[in-house]
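Here's the structure, in structure tokens; my notes come after.
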Amino acid sequence: MDGNGRWAKERGWPRSRGHFEGAKAVRECMQGCLDLGVEFLTLYAFSKDNWQRPKEEVETLMGLLKRFLKEYTREMKQHGVRVQAIGRLWELPKDCQEQLQGAIRTTAHNTRLTTILAINYSGRGEIIDAIKQVLADVEDGRLQKEQLDPEIFQRYLYTSRWPDPDLLIRTSGEMRVSDFLLWQVSYTEFFSLQKYWPDFTREDMRLAVEAYMKRQRRYGGV
Ligand code: IPE
Ligand code: MG
């Protein structure tokens, strides 16, 4: 979800206003997914590297996260959205963790759209966390070194319960992966649009899915 800052700057507003509007675009995006029958949506809300931003901006983002969860959980529950999260969640401020756990609990039985919030997330960090678990299992004899293959390894990732993404959408015209789901995007189709994230609508979601449906996925075959 990129471009909140630039969106605000263009209007002569503080970056925080861009983040605030960006949170509203999340609702549009989820509605787009619900309309289209998309079953899994992962939102890159806060990366491990975002901690480098000025303290006030980090506080704004954490505050928005709490507020978003507080305001939208009931609506998400009603619409069949299940909230999940990936990242080093245990490093988040306590109140954020609590709000997040509350949303996860409240929506746990929903099945229509699983919305996975990537918070304090790093793709490299996820792979390292997985390797540590693999090593521990090998040490304890729960896993034989020879058994390890991509299928087994993916069970150690934060995303083990979900399929790899079919489509990755990036706003602001950027063409970078930026440490997002590094393992999982092996065969993911990319879609980049020029718009900044706060302007993203359910119609953009439809256009992205439409473009995706025209792609030919060969997975290295012919
Ligand atoms: C994305 O917008 C929001 C988050 C990182 C959470 P940016 O803050 O990256 O906006 P730009 O890229 O500076 O415009
Ligand atoms: Mg950015």
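The values are calculated or read from the model by the stated rules, or taken from the named source; none is laboratory data. Note that the structure is predicted; figures quoted are calculated from it, not measured. Using ideal geometry, Cβ is built from the backbone for each residue, glycine included, and neighbour counts are taken over all protein chains shown. Surface accessibility is based on the protein's heavy atoms, side chains included, excluding ligands, DNA and RNA. Shrake-Rupley method; radii C 1.70, N 1.55, O 1.52, S 1.80 Å.
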Rounded to 10°, Cα long-axis angle of helix 202-213 versus longest principal axis of the chain: 40 degrees
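Tell me the carbon and sulfur percent of the accessible area for segment 77-137, rounded to whole percent, probe radius 1.4 Å.
On the way: 1540 of 2970 Å².
Answer for segment 77-137 is 52 percent, counting heavy atoms of protein chains only.
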Degrees between helix 55-78 axis and first principal axis of the chain (Cα, 0 to 90, nearest 10): 80 degrees
Positive dipole terminus of segment 94-220, leading residue within Ile131, Thr115, Gln154 (C-beta point charges): Thr115
Amide H partners (placed H, <5 Å) of Gln84, local residues excluded: Thr115, Ile116, Leu117
Inter-part distance where segment 40-91 and segment 15-33 are each reduced to a Cα centre, Å: 11 Å
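How much area per residue is accessible in segment 32-126 when the probe is 1.4 Å and only protein heavy atoms are counted (Å²)?
Numbers: 4940 Å² over 95 residues.
In whole numbers, segment 32-126 has 52 Å² accessible per residue.
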Dipole of segment 79-222 [Lys/Arg +1, Asp/Glu -1 at C-beta], most positive-end residue of Gln194, Thr106, Gly141: Gln194
Karplus (6.51, -1.76, 1.60) ³J(HN,Hα), θ = phi - 60°, over segment 122-127, in Hz, Gly and Pro reported as x: 9, x, 5, x, 4, 5
Nearby lysines by direct alpha-carbon distance to Lys66 (threshold 30 angstrom, same-chain neighbours under 8 apart not counted): Lys9, Lys24, Lys48, Lys55, Lys77, Lys94, Lys195
Cβ-placed point charges (K, R +1; D, E -1), dipole of segment 70-222 about Cα centre in debye, nearest 20: 440 debye
Whether segment 1-45 is rounded, prolate or oblate, judged on the alpha carbon gyration tensor where a/c under 1.5 counts as rounded: prolate
Segment 172-222: C-alpha gyration tensor shape, a/c 1.5 cut-off, then a/b vs b/c: oblate
For segment 160-213: accessible area per residue (Å², 1.4 Å): 54 Å²
Amide proton proximity set for Leu168, modelled H, under 5 Å, gap of 5+: Glu189, Phe190, Phe191
222 nm mean residue ellipticity, helices alone, for the chain (DSSP H n ≥ 4; -39,500 (n - 2.57); rounded to 500): -14500 deg cm²/dmol
Nearest 10 degrees, 0 to 90: helix 94-106 Cα axis against the chain principal axis: 80 degrees
Segment 164-220, relative contact order [Cα under 8 Å, separation at least 6], %: 40 percent
14 Å Cα-Cα reach of Lys145 towards aspartates and glutamates, excluding residues that sit fewer than 8 places from it in its own chain: Asp137
Segment Tyr187-Leu148, length gained on full extension (0.36 nm per residue, minus Cα span): 12.0 nm
Anisotropy class of segment 1-108 from Cα gyration tensor, a/c 1.5 cut: oblate
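Could the peptides 78-86, 18-26 be put in order, highest first, of the mean number of other beta-carbon atoms found within 10 Å of their residues?
Values: 78-86: 18.6, 18-26: 20.4.
Highest-to-lowest ranking by the protection proxy: 18-26, 78-86.
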